[in-house]
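Take this structure first; my questions come after.
Nothing in this text is a laboratory measurement; each read-out follows from the coordinates by a stated rule. What you are looking at is a predicted structure, and each value in this text was computed from that prediction instead of being measured. In this analysis, Cβ positions are derived from the backbone assuming ideal geometry, glycine residues included, and neighbour counts consider all displayed protein chains.
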Amino acid sequence: MAKSGDALENPVTGERLVFRRTAAETGGEALEYELVFRPKGFVVQQHLHPAQSERHEVVEGELGLELPSGRRVLRPGDVVDVPAGTPHRLYAAGEGAVHAVFELRPALRTEELLSRFFQLANDGKVNSKGNPGLLDLAQIAREFEAEGYATRPPLALQRALLGPLAAYARQAEAPYLFVDEWDVDAPPEAVFDALADARTYPRWWTPVYLAAEADGPPAVGTTARQHFKGRLPYTLKTSSTIVALDRPRRIEADVVGDLSGTGIWTLTAKNGGTHVRFDWQVNADRPLLRYLSPVLRPLFRWNHNWAIACAMRGLEPYARRNATQA
């Protein structure tokens, strides 16, 4: 939850937002923030806030404001209130950036909406004008309709077009949840050492792992970088950082890259060998994989099952060989 003085930065458009008064601080009555920006993205489209009035005050620069009554260029000291439900748009009136103060009444969820846009920019999910991709835009449009929407095309048509896309986007963002278990005829210590050290993967987890390197031996905080493939015609690159290590029982790592999420290996001694459980929860962050995720989810699961079968085949002889040599 934001508080007064908190700032949001947009590395794509150069916008910088500083909250002056938040919804929590005003009991939901108002949201006030400063913004240094060049009008781009949603604000340059004609839009309206159905239940909120919006106050515009220019501190520095020149800001164009288009209303049903006509256009006006706001300069330092100028203040304009736009009543709720009034179509309007902002546009660049000068060459430089604009420093302005905006106040919306009531606050509703505008704070969350602004934070969402800035987070997408920081995640590299907007274009040069600050607009999100189609799936993100559909979700935002449906989730924050009460805070504002474009006046064209008509709202009924927007709902008809963006509603199914928003549902598709929710499916695309749903994480993959995999749980795999099998028994390995090798001591837990040897199995643990193989699984904890990603540098060993290209030796035994073949042909899945093409390359792997790490900052050093397995330890909490150690980061490894992996390049791997499945049966599908693409390769993936990830970085995994160990966040928990309990030899020879448990390994937990956070993963970022083409896939992001968490992997947990749990090892239990069983009949002189080791029972292995792998909990893998990830999202597909590569854009094409994300967009195709709802359609190809069964195929991705088939691909995962093949990769795990390769692990089952390679882990046991590798761990047994290392246990014998120890």
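Among 1, 312, which comes first, second and so on when ranked by fewest other beta-carbon atoms within 10 Å?
1, 312
Determine the gain in length on full extension of the stretch residue 69-residue 91; use 0.36 nm per residue of separation and subtract their C-alpha separation, reporting nm with one decimal.
Length gained, residue 69 through residue 91: 6.4 nm.
Distance in nm between label sites at residue 55 and residue 34, each 7 Å beyond Cα in the beta-carbon direction?
Between residue 55 and residue 34, the label points sit 1.6 nm apart.
Going toward the positive end of the dipole of the range 7-172, with +1 on Lys and Arg Cβ and -1 on Asp and Glu Cβ, which of 44, 23, 99 do you reach last?
Highest projection toward the positive end goes to 44.
Residue 220 versus residue 260, label points 7 Å from Cα toward the beta carbon: distance in nm?
Once both label points are built, they end up 2.4 nm from each other.
Okay, moving on. Run the simple label-point estimate for residue 150 and residue 16 please: 7 Å along Cα→C-beta, distance reported in nm.
3.0 nm
For the chain, how many pairs of lysine residues have a Cα-Cα distance under 25 Å, where the two are 8 or more positions apart or belong to different chains?
Taking the chain as the scope, the lysine pair count is 5.
When the helices in the chain are scored as -39500 (n - 2.57) per DSSP H run of 4 or longer and the sum is shared across all residues, what 222 nm value do you end up with, to the nearest 500 deg cm²/dmol?
-9500 deg cm²/dmol
If you average the sequence gap of Cα pairs under 8 Å that are 6 or more apart and divide by the length of the chain, what percent do you get for the contact order?
Averaging sequence separation for qualifying contacts and normalising by length gives 14 percent for the chain.
Using alpha carbons only, how many degrees (0 to 90, rounded to 10) separate the axis of helix 155-173 from the longest principal axis of the chain?
Helix 155-173 sits roughly 20 degrees off the main axis of the chain.
Counting other beta carbons within 10 Å of each residue's own, what order do 205, 302, 280 fall into, fewest first? Don't skip to the answer; put the middle values down first.
Details: 205 24, 302 13, 280 19.
Placing the least packed residue first, the sequence is 302, 280, 205.
Binned at 20 Å from 0, what are the whole-percent values of the Cα-Cα distance distribution for the chain, short to long?
Cα pair-distance distribution for the chain, in percent: 26, 40, 27, 7, 0.
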